[in-house]
Structures are given as C-alpha cells and as structure tokens.
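Heads up, the thing below is written out as structure tokens.
The values are calculated or read from the model by the stated rules, or taken from the named source; none is laboratory data. Treat the numbers as computed from the prediction; the structure is a model and nothing was measured. Virtual Cβ from ideal backbone geometry, glycine too; neighbours counted across all protein chains shown. Side chains included, ligands, DNA and RNA excluded: accessible areas come from the protein's heavy atoms. Shrake-Rupley method; radii C 1.70, N 1.55, O 1.52, S 1.80 Å.
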Amino acid sequence: ETLNSLLRNFTFVETLMVAVERLGRFAELEPEEPPGAGEEPPAQWPVAGAVSFDGVRFGYRPGLPDVLQGLSLDIAAHEKVGIVGRTGAGKSSILVALFRMGEVRAGTISIDGVDTASVPLKRLRSALAIIPQDPILFTGTLRMNLDPFNEHTDAELWGALEQCSVANVARDHEQGLNKPVDERGGNFSVGQRQLVCMARAQLKRARVLVLDEATASVDLETDALIQETLRHQMAHVTVLTIAHRLETILNGDRVVVIEQGRVAESGAPVARRDRRGARVGELWQSRSQESE
C-alpha cells in the first residue's frame, strides 16, 4: 500500500509539474520586439486605411521556402477586397505578415504610406481589427468582452450590438451587458460569438478590418447579417476578407486570386466569375461541383 501510494503521488506531482515546465519555457522565449523599438506614427494614424504590399516575401521559419513570393497588392482606402485561392496559396499568410506575427524577408507593407516594419508592434496591432474564423470570447461578462479597457459608454456598447444585430443576446438576459460569458463563450452560439466579435471590432474604430474566413462556420442567415453590417455600418473601413464561401465576396469591390504567394488575378467579383477562363470562375465551378 505504501509503494502504491508513493507511485500515485509521484505520478500526480509529475503531471502537475508539466504546467510549471511550460511556463519556464515560455519565460525563456525571446520577446517579439524589445521595449522602445520602432518609431511612433502620427497620433491619428491610420486615417484612411489604404494598404500596400510591395514585393513582399514572407516565410514562417529559417530554412523553409517563402510562402509569399514577391507579393504586390494595392488596396485603396475603404475598399472591400475578397482574397481567394486554393489551399496553401498563401491567403492567411498575408494576414500573418500584416499583423507582423512574423517579419517579412523582403519588400514592404505600408498603411497610409507608413511602413509597418517601423511601427511598434503594440501600436500597429491596436490600429488593426480582426474577426477570426474561430471566434473567441473570454470568461467574464459581455461588457468585458466588448470593451476590455472600459473606453466606451453603455450607450456605445448597446449601439454596437444593435448595429451588429446581436443586442437581443444582452436584452433577453436579466443582467444585460453584465451577462456572464462561459469559457471560450460556451453559452453563445458560433454565430452569436461571431457577431459579438464584429461589435467589438466596430467599437475599436479601426480603419483596417480583417476577416479570416469569418463566415466559414456560421449559417447563411448569420453570414447575411455580417455582410449587411460590413456594407452599411463599416462603409468607411478598409476590409480584407479571406473568403471560404465565394458568395461572401460577390458584393465586394474587388476579388484577388492568390496563387503560389503572388497575385494571379484581380478584378470585380461578378465580372471575373462570369468571364470565360478566369480563375475566379474556375473556383466557382469547382465549388459548385463539390456541393453537388
């Protein structure tokens, strides 16, 4: 009995120490950027939200080939651009490079004429907004998830929820904006979490919004609500959409097809879809065949 107890306790302690080991390794990681690095842009930057990729080469680790291979793409202020392509073409890598989750190997990415490589990371990421494919809500309250730094009034929070067609989530609960949120937003549907993330992005008032296949896991009705919000409530925001459903980007200003880390095609979505031999049309046909 003593030996069995000893082995059980030893195994239990060893299991608990895994968390300590992970924290130790995290503590040894080099910071993304040393304190004080970079040059602060103007206080109101970005004002318009024009994004430019100029000859960008980007890879994830030393020794691995470039995922973006000389990407050049200009996105005008307030333009709604859908980015499509086959799996592995480099669509999501564009967003990784934009947020500087990794540094580009060559070329420049600029917003309103300011090279993002020269902007402090905290300042850069605070100027951008993203709605991910898997929307995450944190344990706490709805108010905390919408406004984690207490920068907005209740009226602004309600307004954002109304504009994103998700105010009923708070209105139907006795605590309103203080409605509890379970871990990872478990007491919200995927569509509700997505709309709450959109309300949070709207409150941020960022001039550049990125949707990383944000409608991939929601129903068509929620998808329509998201597109309606983008068209009317975010008319003055530059939107980059990594499209999972091609229907999502048909109402946008432009569609960009990425192949092997470069821009292979660009133009009006419906026109490119209906044009014989266009890559967007090929993607549309392959999607239709898969659905059948």
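Hey, in the GNM for the chain with a 10 angstrom Cα cutoff, which one of V18, V208, V255 fluctuates hardest? Judging by the Gaussian network model, the answer is V18.
Considering helices alone, the calculated mean residue ellipticity of the chain at 222 nm is -11000 deg cm²/dmol, with DSSP H runs of length four and up weighted by -39500 (n - 2.57) and normalised per residue.
For region 83-138, the carbon plus sulfur part of the accessible surface works out to 59%, probe radius 1.4 Å. Under 24 Å between alpha carbons, and skipping anything fewer than 8 positions from K179 in its own chain: which lysines qualify? Within the straight-line cut-off, K179 pairs with K204.
Just to confirm a number: summing +1 for Lys and Arg and -1 for Asp and Glu over residues other than P41 whose beta-carbon lies under 11 angstrom from that of P41, what do you get? So the environment of P41 carries a net charge of -3.
Solvent-free Debye calculation, one equal scatterer per alpha-carbon of the chain: log10 I(q)/I(0) at 0.15 Å⁻¹ equals -1.24. What you get for the chain, charging only the Cβ of Lys and Arg (+1) and of Asp and Glu (-1), is a dipole of about 580 debye around the Cα centre. For region 6-51 versus region 134-153, the inter-centroid distance based on Cα atoms is 21 Å. For region 124-256, the Cβ-based charge dipole about the Cα centre amounts to some 420 debye (Lys, Arg positive; Asp, Glu negative; other atoms uncharged).
Would region 132-286 count as rounded, prolate or oblate if I go by the C-alpha gyration tensor, calling it rounded below 1.5 in a/c and otherwise prolate when a/b exceeds b/c, oblate otherwise?
prolate
The dipole here belongs to region 73-143: it is taken about the Cα centre, uses +1 on the Cβ of Lys and Arg and -1 on the Cβ of Asp and Glu, and is about 240 debye.
Selection among V239, A117, L73 by position relative to the dipole of the chain gives L73 as farthest towards the positive end (Cβ unit charges, Cα centre).
Region 37-142 has equivalent-ellipsoid semi-axes of 22, 20, 16 Å, by the square roots of 5 times the alpha carbon gyration tensor eigenvalues, sorted largest first.
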